[in-house]
Amino acid sequence: MLATLYSLFPLALRRQLAGGLILAAMVLIAAGLLGLPLATHWAGLAYWCAAALLWPGLAKRNRTQALVLLLVGGGCLAWSAGQGAEVDPQRLLAGNSGLLSMLVAVSFLSLVSRPTEADERVPKGRRALASTLAAVHLFGSVINLSSVFIIGDRLARRGSVTREQALALIRSFTAAAFWSPFFAAMAVSLSVAPEARLSILWLVSMPLALCSLLLTGWQLSRPGGANAPVSEFTGYPLHAGGLLLPGLLAAAVLALHEWQPQLSILAVITLMAPALTLIMLTLKRQRPLAAVGGLVSGRLPQMGNELALFLAAGVLGYGLESLFSTLGGSLPLTHFGALEASVTYLATVTLALLGIHPIICISLAGAVLMPLAPNHTLLALVFLSSWAVGTATGPLSGINLAFQGRYGLDSFRIMRWNLGYAAAMSALVVAGIFALATLLGLA
């Protein structure tokens, strides 16, 4: 039946319709944040319809994961309903609409922030390694994965990148998950821990991101072992102008949140990213409507995998929450402090090594830990850190699979290359968790 339905609509038309629905859903969420009386389940319905239109083009692995999440979440809801729990269809439909709207809003930034692809002589050596780490980290913190491949394609020779280049690209990009308000990791984490205080969180998460870059630079610069001589490293140049936009955006997010504390970080980004993009396009005398039209037909339909996974994760999260509520909460814990946070982090990274996506772990942890009324800032650090380290190392993470498909590097080999990095970063993250707990008065 579905095959017949899809055959009636050409792929190009399905993608155009899906892009329009995704944009409309984000606009509905933004309008609601501005005070208009619009229920979020209408935006959720638009996202579900877009996911259905894009379903045939999704990667098989993502379709399988989404179906498993839907079945487990639906099973939990069915069992809870059978025990007398009330299931809210509108909440089920709305799902992760707020989170997805933040990701759609961030995609607007790709219209005004891209690494330069000018024909410039590429640097070599230790300074080239440092500039590559900084460039990927900063651009990736704003425009996400596209920055990695813009820079990676520039560095690639004969269709692939070297081991050292791959590790620099992957680690510097995933380290942005520690702090970037424009990263999917932040959206997912704040959807579970909405009361997290970003200004305090950054006091620990930004140093952890810096430690990640320094650790990677040190490991790749050491002579001997599997490393090629650092003098042979071909990198990407970073200019001073590349620092401007990421810094301005991060400062603007924090300033607006401090000025209007009733708005969550997710809400601030959802409202601000498209608005700033349109303002910058106008100032550059470009055509904003044409740029948004290109986004609708280009980038937004490419979000099918994210749509399916996040919508299904929303069903799983609601199902697990309903299940634990029905069971009355059976955790043998009464407190969520530094030790419990460290165990949660280590468990999440271990599951990432087994191929489980961090969003699944975060949904599960959120449902299990919420009865303990954990400090949201501490909980957000756990989630951001597990995403940053887990996606760099996990063999089935999106970025490692993308490197396998684009540059021919086996994702399990990338995992082995990153195991030492994951162990060292995990020790630093646990230290950071205890430091933040002390700062928050939870020690």
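Just wondering, is there one or more residues in the range 240-261 that are within 30 Å of Ala128 (Cβ to Cβ), surrounded by 13 or more Cβ atoms within 10 Å (Cβ to Cβ) and modelled with pLDDT of 80 or more? No - not one qualifying residue is present in the range 240-261. Would you say Pro37 is surrounded by fewer than 20 Cβ atoms within 10 Å (Cβ to Cβ) and in a helix (DSSP H, G or I)? No, not satisfied. The number of residues in the range 278-292 that are more than 18 Å from Gly20 (Cβ to Cβ) and modelled with pLDDT of 80 or more comes to 6.
The values are calculated or read from the model by the stated rules, or taken from the named source; none is laboratory data. If you're wondering where the values come from, they're calculated on a predicted model, not measured in any experiment. Cβ sites come from the backbone with ideal geometry, for glycine too, and all protein chains shown count toward neighbours.
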